[in-house]
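A short write-up of the structure that comes next.
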Amino acid sequence: MKPLTGKVALVTGASRGIGAAVARRLAADGAAVAFTYLTSHEAASAVAKEIDAAGGRALVIQADSEDPEAIVAAVEQTARHFGRIDILVNNAGIVVGGMLEDLTTEQADRMWAVDVRAVFLASQAAARHMGPGGRIISIGSALTERVPGPGFTLYVMCKAALNGLTKAMARDLGPRGIRVSVINGGPIDTDMNPADGPGDALLTPLTTLGRYGSVDDMAALVSYLAGEGGDYITGTAITLDGGFAA
């Protein structure tokens, strides 16, 4: 039997990159997977077709994480469609760069809404459907442990908030047997931050392994935390960064 057989997962922001890899991996491990996307229905449908073709079950939901009603509705739709929720992966996020003096209130509000408020709201809604053994896993950033240069203020602020949110939620939900964790990823090869892109010269030398990680590295860790391996892991941040923060 596959390790996540009978489980239901919701992954936010999974039409590409890390989210798509996580959705595919959880499905391959036996979970029924719902996932959200913002604009690219074609890309989201392609991920769902891959899952279906491999014998899995997928549900595609259009939802803007900046909209508080939409993100809660995505959780409720998942619960209605599959009858339960066991695993929530808070992956959707945006990056707003810029020097401190140049950043605007509008940029700060949008970044907070997508990268923090949506995580809180989705977790709150999903927890209401979870029983013992439930998992809430958020995707954070190793930049909260090491900031390699200027221009990351808003991003680091929001990702750092996930560390505290994770610890607090773990205290609230631990008595119900629900585990909560955050993965602080380092340089991961995605279309937003490609290994051969402009960030390579800055980020690769800061890792001890001398390379970017892959989306499958992240998906493997999510799967581990979602399964039996994560049974005694909660209230903590796990760093997946190739030694970036060493």
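The values are calculated or read from the model by the stated rules, or taken from the named source; none is laboratory data. Just so it is clear, the model here is predicted, and its values are computed rather than measured. Note that each Cβ is placed from the backbone with ideal geometry, even for glycine, and that neighbours are counted across all protein chains shown. The accessibility values were calculated without ligands, DNA or RNA, using every heavy atom of the protein model including side chains. Shrake-Rupley method; radii C 1.70, N 1.55, O 1.52, S 1.80 Å.
Quick look at the numbers
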quantity	calculated
Heavy-atom accessible area order for Thr12, Thr208, largest first, 1.4 Å probe	Thr208, Thr12
Part-to-part distance (alpha-carbon centres) for segment 187-246 and segment 1-69, which is given in Å	20 Å
With DNA, RNA and ligands ignored, accessible area of Leu143 (1.4 Å probe; Å², nearest 10)	20 Å²
Nonlocal amide H pairs with Ser141, under 5 Å, H built at 1.01 Å	Gly185
Residue order for Glu106, Glu145 - accessible surface, 1.4 angstrom probe, largest first	Glu106, Glu145
GNM flexibility winner over the chain from Ala113, Ala32, Ala46 (Cα, springs under 10 Å)	Ala46
Largest-first ordering by accessible area, 1.4 Å probe, given options Arg211, Arg24	Arg211, Arg24
Rg over Rh, two decimals, the chain (C-alpha only, Kirkwood Rh)	0.95
Per-residue SASA entry for His41, accessible area with 1.4 Å probe, Å² rounded to 10	110 Å²
Estimated dipole of segment 73-169 in Debye, rounded to 20 [Cβ of Lys and Arg +1, of Asp and Glu -1, Cα centre]	480 debye
Farthest toward positive dipole pole in the chain [+1 Lys/Arg, -1 Asp/Glu at C-beta], among Thr208, Val114, Ala219	Ala219
Top positive-direction residue, dipole computed over segment 1-122 with Cβ charges, set Met1, Asn91, Ala28	Met1
Debye, to nearest 20: dipole size of segment 108-244, +1 on Lys, Arg Cβ, -1 on Asp, Glu Cβ	660 debye
Accessible solvent surface per residue of the chain, calculated while the other protein chains remain in place, 1.4 angstrom probe, Å²	46 Å²
Carbon + sulfur, % of accessible area of segment 91-246 - ligands and nucleic acids excluded, 1.4 Å	55 percent
Nonlocal amide H pairs with Gly13, under 5 Å, H built at 1.01 Å	Thr36, Tyr37, Ala92
